[in-house]
Amino acid sequence: MDSDNKKTPRKQILISLIVAVLILGGITLAAFPYLQSFYYDIIDPPPAVEEVFDDNDEVTDEDTEVTDEDTETEPTEVVDNTNNGNSSSSRKQSTTTASTYLGQGTLPQGSTGVLEIPKLGLKLNVLYGITDGVLKQGIGFYPQSDDPSTGNVCIAGHRNAYGCPFWHLDKLTPGDSIVLYCNNQTYKYNVSLNYITDDRDWSIIEPTDKPALTLTTCDPKIRPADGKYNRLVIRAYLK
């Protein structure tokens, strides 16, 4: 009888410990995205200035080749005018899809450049293409980009991987300056729009009525539970 009485408190203690561990684990899981965001924003933010690649760095044909599989995963334009409080834009429904706009733009194939965003202290080498091989090295021109002097030049980059080049892109607001150095020319832009869109709408790479620069990256910063990202889009126009 005494033996049974001694076992009961032990079982209760063990059960209490298991319950406490499970509760603590649940709280940690729920808070992890916020803790990670706090860590990267406050304690150890990603470097604001990325190193520009040397001229000797080579981009292979494999890196710049664009296939349907590669481009199907890339983002584009306005489905939802949720705008992070930075700007507003008219809502529109686009019928553009990957299958209807996968052509080659007027930007010469293999073009490279340098993107500079003074507000973010950012200076990045821009390679050609949006394949994994290119975006692991930095940021890249969409092959559908037009020449910066005449049309819409589009650039994609990672938000939370491979150096997080576009981690702070959401901080841009209308009127901020962006500079693109491309093909021995300098192009200066003013930000016009900052908004979120669905990752399957391809209207963002359509030609524009006036010279524009379009930057895209994933949103939110922290991977969603279902793994489905939207896209953050910055649209700027040539001064």
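The values are calculated or read from the model by the stated rules, or taken from the named source; none is laboratory data. Bear in mind the structure is a predicted one, so any value in this text is a computation, not a measurement. Backbone-built Cβ (ideal geometry, glycine too); neighbour counts: all protein chains shown.
Taking each residue of the range 118-134 that is at positive phi and crowded, with 17+ Cβ neighbours inside 10 Å and looking for partners that are outside any loop (DSSP other than H, G, I, E, B) and at pLDDT 95 or above with beta-carbon atoms closer than 9 Å, six or more apart or interchain, yields 129/140; 129/141.
In summary, strands (runs of 3 or more DSSP E) completely within the range 151-239 and bearing 2 or more residues that are of a type outside the set (A, V, I, L, M, F, W, C) and within 19 Å of residue 134 (Cα to Cα) occur at 212-219.
Among the residues of the range 205-223, those identified as in contact with a helix residue (DSSP H, G or I) (Cβ under 9 Å, 6 or more places away or on another chain) and not β-branched (Val, Ile, Thr) are 215, 219, 220, 221, 223. Please determine, by comparing only the residues of the range 216-231 that are surrounded by 12 or more Cβ atoms within 10 Å (Cβ to Cβ) and free of Cβ contacts under 8 Å to residues at least 60 places away in the same chain, which one is nearest to residue 203 (Cα to Cα). Top of the filtered list is 229. The combined condition, being at pLDDT 95 or above, assigned by TED's automatic domain parsing to the domain that holds residue 104 and in contact with a Pro (Cβ under 6 Å, 6 or more places away or on another chain), is fulfilled by residue 191. For the range 196-239, filtering for residues that are farther than 21 Å from residue 143 by Cα and more than 12 Å from the chain's Cα centre (by Cα) leaves 6.
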